[in-house]
Each structure stands twice: as C-alpha cells, then as structure tokens.
1. Using Cβ-Cβ distances only, list the Cys residues of the chain with no partner cysteine under 4.7 Å, sorted by number.
2. If you line up the long axis of helix 134-145 against the longest principal axis of the chain, both from Cα atoms, how many degrees apart are they, to the nearest 10?
3. What is the pair-distance distribution P(r) of region 7-100, computed from all Cα-Cα distances in 10 Å bins starting at 0, with each bin given as a whole percent?
4. Quick one: with all protein chains in place, what share of the accessible area of region 422-503 is carbon or sulfur, to the nearest percent (1.4 Å probe)?
5. Considering only protein heavy atoms and a 1.4 Å probe, what is the carbon-and-sulfur percentage of the accessible area of region 1-82?
6. Of the listed peptides 321-332, 392-403, what is their order by residue-averaged count of other C-beta atoms within 10 Å, with the highest listed first?
7. How far is helix 90-101 tilted off the main Cα axis of the chain, in degrees rounded to 10, range 0 to 90?
8. Computing the accessible area with a 1.4 Å probe over protein heavy atoms, can you report the carbon and sulfur percentage for region 218-333?
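The values are calculated or read from the model by the stated rules, or taken from the named source; none is laboratory data. Remember, predicted model here, so these are calculated numbers, not experimental data. Cβ placement follows ideal geometry from the backbone for every residue including glycine, while neighbour counts extend to all protein chains displayed. Quick note on the areas: whole protein, heavy atoms, side chains included, nothing else; ligands and nucleic acids left out. Shrake-Rupley method; radii C 1.70, N 1.55, O 1.52, S 1.80 Å.
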Amino acid sequence: MIKEQFVVTSAQMRDIEGRIFAAGMPVAALMEKVAGLISDRLQVIIPKGRCVGILVGPGHNGGDALVVARELHFRGYQVWIYQPFSKLKELTNQHFQYAQSLGIPCFQEIDKVPNCDFLIDGLFGFGLEREITDYIAAAINYFNAWNKQIFSIDLPSGLHTDTGEVLGVAIRATQTFCLGLWKQGLLQEQALEYIGQAELIDFDIPLADIDAVLGEVPKIQRITQTTAIGTLPLPRSPITHKYKSGHLLLICGSRRYAGGAILTGLGARASGVGMLSIAVPESIKPLLVSHLPEALIIGCPETETGAISHLPLPEKTHLSSFSVIACGPGLTQDSTPIVQQVIESDVPLILDADALNILAQLGTISTLKKRQTTTVLTPHTGEFHRLFPDISYTNRVKAVQTAAAQTGAVVLLKGARTAISNPEGVVWINSESTPALARGGSGDVLTGLMGGLLAQAAIKQTPIEDVVATAAWWHSQAGILAAAERTELGVDAFTLTQYLMKVLLDFT
Ligand SMILES: NC(=O)C1=CN([C@@H]2O[C@H](COP(=O)(O)OP(=O)(O)OC[C@H]3O[C@@H](n4cnc5c(N)ncnc54)[C@H](O)[C@@H]3O)[C@@H](O)[C@H]2O)[C@@H](O)CC1
Ligand SMILES: [K+]
C-alpha cells in the first residue's frame, strides 16, 4: 500500500495523529515538520521576495500557517498576517506571539490588510466543526473576491472534511496541500471547484498507525497508477491463446444509435480481450463488420423501431459460453426482453446506459435480487437517480456503498470523481479526470473497455471492483492525455479510443 491510496475522514485522521503523539512525537515538532514541508513547496511556486498574506485560524491549521509565515519571512518574502480570532489554541498562540515579535505585520481588521498576489489559507483544517458565519464568512468572501492565488493548508477552509460540502462559505483555493493522507472530502465532486490543484504532503506517518486505524483492507481507497497497472492483464503469458484471454459479448446498438455499438466495440478492442462478439440489430451488422473486422458480429432480429428483439444465439453458443456480457449502449428502451434475458443468465454482466433505464423500469432491487453472479452497474448521476430514487448522492461515497449493498452489485457512479463500491462497501475513488470526457459516447467506450478487462480478469480471479477501478482509471488517463494534446474540446469518443492504447504505453 502506498500513502497516495489511503482516504481518511477527520475522525480517522484525528485517531492516526493521536497515535503519533501518544508514541512520543511532540505536537509542536510535527507542526514544525509539516509547515516546513509546505514552506519548501511554496518557495518553489511563489517568486522570491513577493508579498504573501497569511490567513490564520484559531487551531493547529492556523498554527501551521504561522510557522509558514515565519519561514517565508526569513526567506525574504514580504509577509503579513490576518488573524481575527480572540481565542487561539496554546501552540497557535505561541507562534502568533513569536511572529509578532519578529515584526511581521499582523491585522485583526479585514479592511486594514494590504493587497497582495498570494494568500495562504490556514483558517481551518480537518477541525472545522460547524458552519462558518459572520465576520469569518465575510473575510472568506472578501479574500475570494480578490481573485488572487490562494494556497490552502490541508483543506480549503470551509469544506467539510468528509463530504466536501461547503459549510456556509469556503475558500476557493488555487492549490490545496493535503497533509499526510487524502481527506475524503477532497475526493467528492462537490468540492472540486474549491480545491484547485491538490497535492499530498507526506509527513512520514507510520503505516502501522494507518493500518491500526483503517484496518487491513481500508474501506475507501484512491485509485493510483500503481494499483491500476497492477490489475492489468500484463504481461501476457507466452503460451496464451485467444480463448485464454477471455470472450466478451457486447449487446448494444440500434438502428437509431449505431455509433454507440461501434464505440463500445472499439473500447473492448483496446482492452486486449481475446475474443469479441457483438450482438447488434441485423440492419447495422455490415456497419459493425466494417469498423471491427476482428469481432464476431451477431446480426439480431429487430423490432420495427430497429432495436434488438431477441438474441439468435445458435443453441451451442448459449450465453454461458461467454466470460462476460456487457449490455446497454445505444440499445434504446425497446429491448427489455434482452435485458431480462441477460440478467437471468449466470454470466458476469455489466449493465450500462439504456440497460440501466430498462432495469430501473423493471425494478432495480427486485430484478437483481435473483442474480447469483457478478453484476456491475455503471450509471451516471441521472441513471443512478432513476435506479435508486431514494438514495441521495450528495455524498457519492455513501451513495455507491448503499446502492451496492442493496443490489449485491458493484456500482460505479460516473462523474468528475468516479466512485466505485462493492457490496461490502469497499470503495475506490478515481481522483483524476478531465471535463473533456463529459461528452456523448465516452461512457460507451468505458463499457467496452471494462467488459474486455473483466473478461480477461475472470482467468486471474482479480476482485471485480479492482478491475472496474482500473477500467475507470485507464479511461480517464486516456482522456487526460488526449486533452493535453488536443485541448479539452478535442476529445470525442472515437479519439478517446485511439488514446487508450497510447496512454498505456506511458505507464507500462
Ligand atoms: N493534530 C495535529 O497536531 C496536527 C494537525 N495539523 C494541522 O492542524 C489541523 C487540525 O487542527 P485543529 O484540530 O486544531 O482544527 P482546525 O485548525 O482545523 O480548526 C480550528 C479550530 O476552529 C474552531 N472551529 C471549528 N469550526 C469553526 C467555525 N465554523 N467557526 C469558528 N471556529 C471554528 C475549532 O474550535 C477548532 O479548534 C489540520 O488540518 C492541520 O492543518 C498538522 O499540523 C499536523 C499536526
Ligand atoms: K485551510
């Protein structure tokens, strides 16, 4: 396990730091170490000699900020301090006294502080307990309105450490230096606009203390390159053959949405899956064959609206001859019998897009209850709400944990911070993505990629949620690389499929 993987709540962070202090590490020493690391980072980012305003809170977040103030002062920056509180924690107060003794200008009144281009936000960290009100809220709005670069210590002040919700008002940070371990709130979608660029400041928390508090298998983990690459079906065994690399069946497309079938097929191709079969309405079979000559295209009888009416699988190749089935992209809602058929099968199944809307109409929980084998649901927020109308998704971690527990499925909730939970509540969060992916078709690509990876994983017995997490990571890394090379406007779903292979070369 690497530090970047862990995700903690404020209570867990409190417990972990409590163990460090109980073991003898003085609080002041840890504060000095942490603030020293932050000062080193700031010295690289903020040009020498510039004016830096330090916003100081009443607790140890403020203490961190005061140590940073002292250090930047000695390194030649023009530092001033804004500290509007009457009661400070003991250690924070000592640092405040010392900063004043050094002649660093300190202000208690907001309208007295001089202008400057860089602010350090040390108002609140993981000790924020309640909504921020009156003169503190006014100060936060005041500094946000400056539209200057703000560097937040641990968390942007005002964000709930666990849910990422704004407690009244919050600092809009340019960069956030998260201390020691990623706080859960920083991985929640609603916090994104306040966090800016987030980075972890590792201050050598012993793994033993983390394990003691989080347990052997931490409930919530952040997907990292290390965890994702480790789950890829690489390297291949030299004696493999096409049937040992999984056989994926995609059931997708309609006369109206032929493109969805093609994009899903291209996503599956990029996964390296050994055998790929794609069931589509007969009328678009030639189209699929032309885009995916290596795939076995199954032309299906279709309804008068051009949707698949049933699967003409010759008796010998019935559904259970496939390692995985992925169903839904471009299906339209006229293929209910197909969705029922695959749900009743005993084949590991991914349901996406229209298959999810059909599942919602059939009754999510009651329909899935019968399934004994792996099911993966990949809704975006709208589909999630239709599937689980009474689960709130403001805290997306809790939302996927609840949905997974209720259905017995692995649930992936798409978004800027995609969250994945297995039925036992073990959660993966994909913490890097790009708005470039918020386009029609990119979800189809993910479904195909995920299906192909799951089909190959069936052989290695990799936990399902780890494979789903790897698919989400790979998909977003391809989007990030494509956006870097083509801008965020240049990542259409087809282009995305081309970058899936390219990005992997950077990581393997
Ligand atoms: N625990 C430790 O000793 C260490 C903590 N560190 C820093 O200390 C922070 C945690 O420090 P604290 O636990 O003192 O808490 P914070 O500094 O995050 O919160 C400050 C204080 O603000 C008060 N407060 C909370 N909500 C408020 C509100 N809405 N309006 C007004 N006042 C409010 C609380 O009484 C709290 O004590 C971390 O985020 C990190 O920056 C690091 O220096 C590492 C060492
Ligand atoms: K802060």
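1. Result for the chain is Cys106, Cys178, Cys252, Cys300, Cys327, no neighbouring Cys Cβ within the cutoff.
2. 70 degrees
3. Answer for region 7-100: a P(r) of 16, 44, 31, 9 percent.
4. Percent of accessible area from carbon and sulfur atoms in region 422-503: 58.
5. Values: 1770 of 3060 Å².
Answer for region 1-82 is 58 percent, counting heavy atoms of protein chains only.
6. On the way: 321-332: 26.2, 392-403: 20.9.
My ranking of the peptides, most packed first, is 321-332, 392-403.
7. 60 degrees
8. 61 percent
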